[in-house]
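Student: Below are the structure tokens for one structure; questions will follow.
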Amino acid sequence: MMENKENIRCIIVDDQLFAMGILKNHLQHFPEITLAYAGTNIYEALHIIETTAIDLVFLDIQMPTMSGLEFMKRCQNRCKFIFTTAYPKYAIDGYEHDIIDFLLKPITLDRFKKSIVKFHQLNKLADQENSLLETGHILIKGDAKQKYFKVKLQDIYYAKGLDNYICIYTRAGSIITYMNLKDLIGQLPADSFCRIHRSYIVSLQHITYVEKSLVKVSADTIPIGSSYRKQFFQVFQKSPMSRNT
């Protein structure tokens, strides 16, 4: 649930008024962000998140009545988080819970700006992925100048890397295009496609079975690379696309 970039709503939760004041001053440099709340009451902040649209939370990870990690869990992915603290030992815990950034007090304006850039970059990636899901297709450059194929995501079985080009296998046949697998995976929705080998990207929807280090996609058997195995199984088990096979 992300607001338009011109109307981003944030809150600050910190039990140190001085630290809160620094963040409020830094936010004045970002007119696209509206400060909806700044305070020390973590339960009031939680109520605001549960009842209104909040995109970003600057949260002191060590609060007197509830830890920042517990607060984030209660918010149930309603918003994004940037942790603030005077204790660097909490940084690892924060990153393990998929926060945008971890700011160590005292927070300089330059360091604060880097966090906002990260937030905007993640929003942009999310918007691109949502756009793909909404349109349901990607454009693949063909073998002639200004020639493109409009390919439905649901029709893609898998892609195979071949030196400086790749072959994309679809319901309608194969398409050879001059790009690499890294660029292709960046255009595909992460919950529907996964790179399982240095030479292969597969559609989770079209996997018919998985056996040891192999997957069956359409009529073909594809190897799972050892360095990709852990990530593949994590994505495959969580993906709603895999449950449609």
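The values are calculated or read from the model by the stated rules, or taken from the named source; none is laboratory data. These figures come from a predicted structure and were not determined experimentally. So basically every Cβ, Gly included, is an ideal-geometry build from the backbone, and we count neighbours across all protein chains shown. Side chains included, ligands, DNA and RNA excluded: accessible areas come from the protein's heavy atoms. Shrake-Rupley method; radii C 1.70, N 1.55, O 1.52, S 1.80 Å.
Student: Could you grab me the full set of residues in segment 214-237 that are under 24 Å from SER174 (Cβ atoms), at pLDDT 90 or above and polar (S, T, N, Q)?
Tutor: THR221
Student: What are the pairs with Cβ atoms under 7 angstrom where one residue, in segment 43-54, is part of a helix (DSSP H, G or I) and the other, located anywhere, is at pLDDT below 95 and open to solvent by 90 Å² or more (accessible area, probe 1.4 Å)? Sequence gap at least six, or different chains.
Tutor: What qualifies is LEU46/ARG74.
Student: While we're on this one: So SER226 fits all but one of (1) part of a loop (DSSP other than H, G, I, E, B); (2) without any contact (Cβ under 8 Å) to a residue 12 or more places away in the chain; what number is the exception?
Tutor: Unmet for SER226, out of (1) part of a loop (DSSP other than H, G, I, E, B); (2) without any contact (Cβ under 8 Å) to a residue 12 or more places away in the chain: (2).
Student: Is one or more of the residues making up segment 231-245 under 23 Å from TYR148 (Cα atoms), open to solvent by less than 20 Å² (accessible area, probe 1.4 Å), polar (S, T, N, Q) and out of contact with any Pro (no Cβ under 6 Å at 6 or more places or on another chain)?
Tutor: No - not one qualifying residue is present in segment 231-245.
Student: Can you find even one residue in segment 17-37 that is touching a strand residue (DSSP E or B) at 6+ places or on another chain (Cβ under 6 Å), buried (at least 16 other Cβ atoms within 10 Å of the Cβ) and under 16 Å from PHE102 (Cα atoms)?
Tutor: yes
Student: I'm checking my understanding of the structure. Among residues of segment 69-83 that are at pLDDT 85 or above and aliphatic (A, V, I, L, M), which one is farthest from LEU46 (Cα to Cα)?
Tutor: Ranking the candidates gives ILE82 first.
Student: Based on what the data block shows, is GLN187 open to solvent by less than 70 Å² (accessible area, probe 1.4 Å), modelled with pLDDT under 85 and not acidic (Asp, Glu)?
Tutor: So GLN187 passes the test.
Student: Sticking with this structure for a sec: Is it true that ILE207 is open to solvent by 30 Å² or more (accessible area, probe 1.4 Å), closer than 25 Å to ILE140 by Cα and among the β-branched types (Val, Ile, Thr)?
Tutor: no
Rundown of residues vs (1) touching a His at 6+ places or on another chain (Cβ under 9 Å); (2) assigned to a strand (DSSP E or B); (3) without any contact (Cβ under 8 Å) to a residue 40 or more places away in the chain, yes/no style:
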site: ILE196; (1), (2), (3): no, yes, yes
site: VAL202; (1), (2), (3): no, yes, no
site: THR208; (1), (2), (3): no, yes, yes
site: VAL215; (1), (2), (3): no, yes, yes
site: PHE233; (1), (2), (3): no, no, yes
site: GLN237; (1), (2), (3): no, no, yes
